[in-house]
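J.: Here it is, the structure in full.
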Amino acid sequence: FIRGFSSTAVRNVVIKQVTVIGGGQMGAGIAQVAASTGHSVTLVDTSEDILKKSVKGIEGSLKRVVKKKFADKPEAGEEFIQKVLQKVSISTDVGSAVQSSDLVLEAIVENLKIKQDLFGRLDKLAPAHTIFASNTSSLPITDIASPTSRLDRFGGLHFFNPVPMMKLVEVIATSSTSKETFESLMNFCKALGKTPVSCKDTPGFIVNRLLVPYMGEAIRLHERGHGSKEDIDIAMKLGAGYPMGPFELADYVGLDTMKFIIDGWCEKEPNNPLFQSSALLNKLVAEGKYGRKTGEGFYKYK
Ligand code: 3HC
């Protein structure tokens with residue numbers, strides 16, 4: 001009996017119950033959007049403290065959302081916030097959290113071994129119909145899925161920061177992802193109110209494959225003395241219609257994240273000029289200046 005070919009493999013799963021693993025900015029944002037659109041969500045992390053912070057973050061973000069959506073009905077806004085928060089439960093026990101889950105979505109640290117260990121463990125704990133997905137920004141979905149026996153029910157769901165505002169989700173099918181799983185994931189994104197696009201399991205999928213080299217080239221342009229950070233940011237905002245310039249965006253995404261992505265790609269394709277880090281990026285990361293989250297990156301933040 002091969003699990004991958006059981007009858008569950010050819011069923012279209014309607015995703016109602018979601019387990020999000022990782023209570024960081026991404027995981028919390030995904031939990032928020034899923035709960036806001038009527039899904040039952042369990043948010044999992046390693047400590048109650050982290051999870052309490054995640055819920056506080058969700059509450060703060062929901063306040064921003066309702067300020068606009070319920071501008072002239074603050075009471076309805078407050079009611080909406082409470083309703084959404086009731087849809088989110090928190091847990092530090094991943095085994096029990098996946099018991100009745102239709103989708104397990106992982107948004108933990110970008111470390112292949114840790115992700116593989118997690119999914120290998122979950123494979124034995126989750127029901128057979130449960131779809132697994134990773135929100136990785138740079139690691140191959142095929143590698144993350146490899147320790148599981150549900151390669152047909154495994155895909156990528158890549159969200160963008162800030163999750164409540166960014167309308168896109170990249171849906172990644174590997175060569176083993178079944179048509180049914182892919183369709184379930186696409187339908188889930190639509191149920192979240194997002195626009196999904198289909199991606200191959202290639203480095204950076206679509207958005208990061210274009211965005212990360214673009215930010216890298218902006219840094220090199222500045223290093224060559226061909227423009228100040230401020231002027232480059234203004235130029236791209238006013239001349240190309242980007243909401244943030246490349247330095248603002250790099251600080252927003254996190255310089256550690258950006259360097260991690262580039263270094264990973266460089267290891268695979270050392271001669272690709274688009275996959276090279278730069279002296280300035282390396283220096284800032286070495287100094288612990290990761291951008292907004294640490295209070296300083298290319299710019300200083302209060
Ligand atoms: N939750 C809820 N609402 C939020 C929010 C959040 N986390 N962040 C911003 N908002 C809302 C604000 O409340 C505000 O609403 P309003 O218009 O009703 O006042 C609205 O968004 C605009 O916010 P601001 O006025 O503070 O600032 P901006 O107009 O600059 O918008 C932005 C903020 C939406 C973040 C915009 O600057 C933007 O789109 N920036 C680019 C972001 C981007 O490119 N993200 C992708 C990064 S790559 C990635 O994530 C992939 C990963 O793998 C690395």
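The values are calculated or read from the model by the stated rules, or taken from the named source; none is laboratory data. The shown structure was predicted, so the numbers you read here are calculated from the model rather than taken from an experiment. Note that each Cβ is placed from the backbone with ideal geometry, even for glycine, and that neighbours are counted across all protein chains shown. To get the accessible areas, we keep the full protein, side chains included, count just its heavy atoms, and leave off ligands, DNA and RNA. Shrake-Rupley method; radii C 1.70, N 1.55, O 1.52, S 1.80 Å.
J.: What number of residues within the range 4-53 are hydroxyl-bearing (Ser, Thr, Tyr), under 14 Å from Leu103 (Cβ atoms) and either modelled with pLDDT of 95 or more or under 20 Å from the mean Cα position of the chain (by Cα) (or both)?
T.: Residues flagged as hydroxyl-bearing (Ser, Thr, Tyr), under 14 Å from Leu103 (Cβ atoms) and either modelled with pLDDT of 95 or more or under 20 Å from the mean Cα position of the chain (by Cα) (or both) within the range 4-53 amount to 4.
J.: Oh, and also: Go through (1) in contact with an Asp or Glu (Cβ under 9 Å, 6 or more places away or on another chain); (2) more than 16 Å from the ligand (Cβ to nearest atom); (3) in a loop (DSSP other than H, G, I, E, B) for Thr142 and report which single condition fails.
T.: Only one criterion is unmet by Thr142, namely (3).
J.: Take the range 127-139 and flag every residue that is open to solvent by less than 10 Å² (accessible area, probe 1.4 Å) and in a loop (DSSP other than H, G, I, E, B).
T.: Across the range 127-139, the qualifying residues are Thr130, Thr136.
J.: Give the residue that is farthest from Asp93 (Cα to Cα), with candidates limited to residues of the range 39-70 that are among the small types (Gly, Ala, Ser) and without any contact (Cβ under 8 Å) to a residue 60 or more places away in the chain.
T.: Restricting to residues being among the small types (Gly, Ala, Ser) and without any contact (Cβ under 8 Å) to a residue 60 or more places away in the chain, the top hit is Gly60.
J.: Moving on. List every residue pair whose Cβ atoms sit under 9 Å apart, with the two residues 6 or more apart in sequence or on different chains, where the first one lies in the range 149-165 and is over 22 Å from Lys200 (Cβ atoms) and the second, anywhere, is of a type in the set (Phe, Trp, Tyr) and within 16 Å of the ligand (Cβ to nearest atom).
T.: Sorted first by the residue in the range 149-165, then by its partner, the pairs are Asn161/Tyr252; Pro162/Tyr252.
J.: With respect to Ile144, determine if the residue is open to solvent by 20 Å² or more (accessible area, probe 1.4 Å) and not basic (Lys, Arg).
T.: Spelling it out, it is not the case that Ile144 is open to solvent by 20 Å² or more (accessible area, probe 1.4 Å) and not basic (Lys, Arg).
J.: Next up: Can you say whether Ser198 is more than 19 Å from Val18 (Cβ to Cβ), surrounded by 15 or more Cβ atoms within 10 Å (Cβ to Cβ) and small (Gly, Ala, Ser), as far as the supplied structure shows?
T.: Considered against the rule, which asks whether it is more than 19 Å from Val18 (Cβ to Cβ), surrounded by 15 or more Cβ atoms within 10 Å (Cβ to Cβ) and small (Gly, Ala, Ser), Ser198 comes out as no.
J.: Another question about this same structure. Would you confirm whether any residue within the range 273-280 is at pLDDT 95 or above and either part of a loop (DSSP other than H, G, I, E, B) or within 16 Å of the ligand (Cβ to nearest atom) (or both)?
T.: Among the residues of the range 273-280, not one is at pLDDT 95 or above and either part of a loop (DSSP other than H, G, I, E, B) or within 16 Å of the ligand (Cβ to nearest atom) (or both), which makes the answer no.
J.: Condition test on Asn208, is it at pLDDT 95 or above, away from the ligand (no atom under 12 Å from the Cβ) and part of a helix (DSSP H, G or I)?
T.: For Asn208, the condition - at pLDDT 95 or above, away from the ligand (no atom under 12 Å from the Cβ) and part of a helix (DSSP H, G or I) - is not met.
J.: Oh, and also: Can you tell me which condition Ile219 does not meet? The list is (1) away from the ligand (no atom under 13 Å from the Cβ); (2) surrounded by fewer than 20 Cβ atoms within 10 Å (Cβ to Cβ), and all the others hold.
T.: It fails just one condition, (2).
J.: Regarding Glu230, is this residue surrounded by 15 or more Cβ atoms within 10 Å (Cβ to Cβ), among the charged types (D, E, K, R) and either touching a Lys or Arg at 6+ places or on another chain (Cβ under 7 Å) or part of a helix (DSSP H, G or I) (or both)?
T.: Against the criterion (surrounded by 15 or more Cβ atoms within 10 Å (Cβ to Cβ), among the charged types (D, E, K, R) and either touching a Lys or Arg at 6+ places or on another chain (Cβ under 7 Å) or part of a helix (DSSP H, G or I) (or both)), Glu230 does not qualify.
J.: Scan Asp72, Asp117, Asp93 and give me the residue that is loosely packed, with under 15 Cβ neighbours inside 10 Å, more than 30 Å from Phe182 (Cα to Cα) and away from the ligand (no atom under 13 Å from the Cβ).
T.: Asp72
J.: Mind telling me which of the residues Gly264, Gly297, Gly225, Gly241 ends up being open to solvent by less than 40 Å² (accessible area, probe 1.4 Å) and modelled with pLDDT of 95 or more?
T.: Gly297
J.: Does at least one position in the range 77-96 carry a residue that is assigned to a loop (DSSP other than H, G, I, E, B), at pLDDT below 95 and out of contact with any Lys or Arg (no Cβ under 6 Å at 6 or more places or on another chain)?
T.: There is no residue in the range 77-96 that is assigned to a loop (DSSP other than H, G, I, E, B), at pLDDT below 95 and out of contact with any Lys or Arg (no Cβ under 6 Å at 6 or more places or on another chain).
J.: Scan the range 163-183 for residues that are open to solvent by 40 Å² or more (accessible area, probe 1.4 Å) and within 16 Å of the ligand (Cβ to nearest atom) and report the count.
T.: 4
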